[in-house]
1. Of the residues that make up the range 300-310, is at least one part of a loop (DSSP other than H, G, I, E, B) and modelled with pLDDT of 95 or more?
2. Within the range 363-372, identify whether any single residue is outside any loop (DSSP other than H, G, I, E, B) and surrounded by fewer than 14 Cβ atoms within 10 Å (Cβ to Cβ), and answer yes or no.
3. Identify all residues within the range 400-428 that are outside any helix (DSSP H, G or I), out of contact with any helix residue (DSSP H, G or I) (no Cβ under 6 Å at 6 or more places or on another chain) and within 19 Å of ASN376 (Cα to Cα); write none if there are none.
4. Tell me which residues, restricted to the range 312-325, are touching a residue at least 40 places away in the same chain (Cβ under 8 Å) and in contact with a Ser or Thr (Cβ under 9 Å, 6 or more places away or on another chain).
5. Could you check how many residues of the range 130-169 are part of a strand (DSSP E or B) and either buried (at least 18 other Cβ atoms within 10 Å of the Cβ) or in contact with a helix residue (DSSP H, G or I) (Cβ under 8 Å, 6 or more places away or on another chain) (or both)?
6. Could you tell me whether GLU266 is more than 22 Å from the chain's Cα centre (by Cα), surrounded by 15 or more Cβ atoms within 10 Å (Cβ to Cβ) and either of a type in the set (Asp, Glu) or assigned to a loop (DSSP other than H, G, I, E, B) (or both)?
7. Return yes or no: is ASN402 out of contact with any Ser or Thr (no Cβ under 6 Å at 6 or more places or on another chain), exposed (fewer than 13 other Cβ atoms within 10 Å of the Cβ) and either within 25 Å of ILE17 (Cα to Cα) or not hydroxyl-bearing (Ser, Thr, Tyr) (or both)?
8. In this structure, is VAL220 hydrophobic (A, V, I, L, M, F, W, C), modelled with pLDDT of 90 or more and buried (at least 22 other Cβ atoms within 10 Å of the Cβ)?
Amino acid sequence: MSNKPGIPKGTRDFDSIQLYKRNYIIEIIKDSFLRFGFNPIETPSFERSSTLLGKYGDEGDRLIFKILKSGDFLKGLDKNEIINDNSSKIGSKISDKALRYDLTVPFARYVVQNQNNITLPYKRFQIQPVWRADRPQRGRFREFLQCDADVIGSKSLFQEIEFIQLFDNVFNSLGLKEATIKLNSRKVLIGLSEITDCKDKFKDLTIALDKIDKIGLKAVNNELKSKGFSDKSVEIITDLISSSGDFKNSMKLLRKTFKNSPTGLEGISDLEFIFSSIETLGLRSCALSFDLGLARGIDYYTGVIFEVSAPETVTIGSIAGGGRYDNLTERFGLSNMSGIGVSFGLDRIYMVLDELDLFPNVNSNLVKVLFLNFGNENSVFALEAINKLRDSNVYAELYPDNLSLKKQLSYANKNKIPFVIFIGDDELKAKKFNLKDMNSGSQELLTITQLLKKLS
């Protein structure tokens with residue numbers, strides 16, 4: 001008895017309409033990337049484990065899909081190791097590669113490997129799948145496409161400003177209004193950890209804050225307390241996060257609170273410059289806001305961080321994000337190389353556009369005309385015309401089998417093909433084509449020249 005077919009949880013099949021819609025989003029994002037000066041690269045779907053591990057924090061590392069060594073992956077292990085060692089120790093012995101978790105770390109590896117062949121600042125984009133062993137849920141998959149753009153080799157805050165404009169350009173082009181670009185800085189969060197005497201727990205702070213949208217502030221407070229944060233520290237953190245909103249008032253409050261934190265004050269100055277610049281430049285579709293609770297719990301972020309949330313009418317979470325990273329290439333042996341990047345969540349953007357009915361009308365089949373099959377001689381004549389139509393960018397096809405007319409017309413109807421062509425013996429003799437409009441039912445007898453003019 002054969003097994004019932006299926007796919008792993010967190011993965012999906014896509015039909016034609018879904019792919020047309022996905023490609024619609026991809027083409028708009030790609031066009032925006034190119035307009036802003038980014039050029040494409042691609043990296044392998046899997047990397048050395050050493051490349052990926054230790055870059056995303058403990059929680060991120062647990063979500064990386066490991067790849068077993070080829071062949072006898074248990075070779076060299078004895079029974080005692082298998083029985084007594086924990087899984088992490090065994091894992092490092094039987095696996096030395098992993099599916100990429102994101103596109104940023106592979107990009108940093110790429111930059112270091114190709115540092116003599118690139119010109120700084122180096123701007124690239126990637127549109128490729130990534131894999132995470134996460135718990136599948138709405139808007140969260142184990143295999144998904146990331147659309148990333150990064151600049152490396154510049155510390156200028158104008159890069160942050162450009163990325164905000166990039167977000168706005170993409171979502172404006174997609175017709176998505178009222179998305180919110182949330183901003184914070186890891187420097188500000190460092191300041192927050194310093195004024196609460198929790199600098200040694202900075203990683204715990206960012207991991208906890210990163211869960212606010214998922215579990216709420218109260219649950220985050222409980223998690224902080226479980227990690228050793230005092231009641232007073234948690235109270236300060238909560239009060240400051242709750243007070244964030246109006247940017248100028250928030251900055252005024254933070255400057256007063258962070259007066260003894262140079263790093264925190266530096267982060268505030270960065271944010272003030274960015275907000276002031278965007279206020280002058282303006283945005284077409286998106287709103288800009290400050291969110292002290294925004295942390296982006298990935299370890300490599302060091303400066304300004306972004307997150308884009310969908311309009312309030314759609315409950316989906318973030319649809320894009322990113323931030324500044326100053327030390328990522330250093331982990332591969334190249335120091336003093338600041339970078340910044342953003343990522344668009346294709347699947348979540350798709351769900352938002354679908355829910356708000358913002359996709360253009362898309363058919364499941366782009367074929368414009370179907371030539372019906374009336375036998376070999378007639379079909380060879382049809383193929384000659386089909387080649388000319390295709391050369392004129394008219395999508396056309398021949399029904400492959402000489403079946404009943406009813407079945408062939410049914411195929412055209414089910415695939416929403418607007419025109420069909422009959423080539424019976426009389427049409428073949430006259431070297432003409434009987435064109436039928438499937439919507440109106442009208443028919444015309446046309447020469448090849450007339451047919452090309454009609455359908456082009």
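The values are calculated or read from the model by the stated rules, or taken from the named source; none is laboratory data. Worth saying up front: this structure is predicted, and the values here are computed from it rather than measured. Because the Cβ atoms are built from the backbone with ideal geometry, glycine has one as well, and the counts that use them run over all protein chains shown.
1. Quick first cut of the range 300-310, residues part of a loop (DSSP other than H, G, I, E, B) only: 300-303, 310.
If we keep only those that are modelled with pLDDT of 95 or more as well, we get 303.
Checked the range 300-310: at least one residue is part of a loop (DSSP other than H, G, I, E, B) and modelled with pLDDT of 95 or more.
2. no
3. First pass over the range 400-428, keeping only residues outside any helix (DSSP H, G or I): 400-404, 415-424.
Going one step further and asking which of them are out of contact with any helix residue (DSSP H, G or I) (no Cβ under 6 Å at 6 or more places or on another chain), we end up with 400-404, 415-419, 421-422, 424.
If the condition is that a residue be outside any helix (DSSP H, G or I), out of contact with any helix residue (DSSP H, G or I) (no Cβ under 6 Å at 6 or more places or on another chain) and within 19 Å of ASN376 (Cα to Cα), then PRO400, ASP401, ASN402, LEU403, SER404, ILE421, PHE422, GLY424 are the ones that fit.
4. Of everything in the range 312-325, those that are touching a residue at least 40 places away in the same chain (Cβ under 8 Å) and in contact with a Ser or Thr (Cβ under 9 Å, 6 or more places away or on another chain) turn out to be GLU312, ILE316, GLY317, SER318, ILE319, ALA320, GLY322, GLY323, ARG324, TYR325.
5. First pass over the range 130-169, keeping only residues part of a strand (DSSP E or B): 130-131, 137, 140, 143-152.
Applying the additional criterion that residues be either buried (at least 18 other Cβ atoms within 10 Å of the Cβ) or in contact with a helix residue (DSSP H, G or I) (Cβ under 8 Å, 6 or more places away or on another chain) (or both) yields 130-131, 144-152.
Adding up the residues that qualify gives 11.
6. So GLU266 passes the test.
7. No, not satisfied.
8. no
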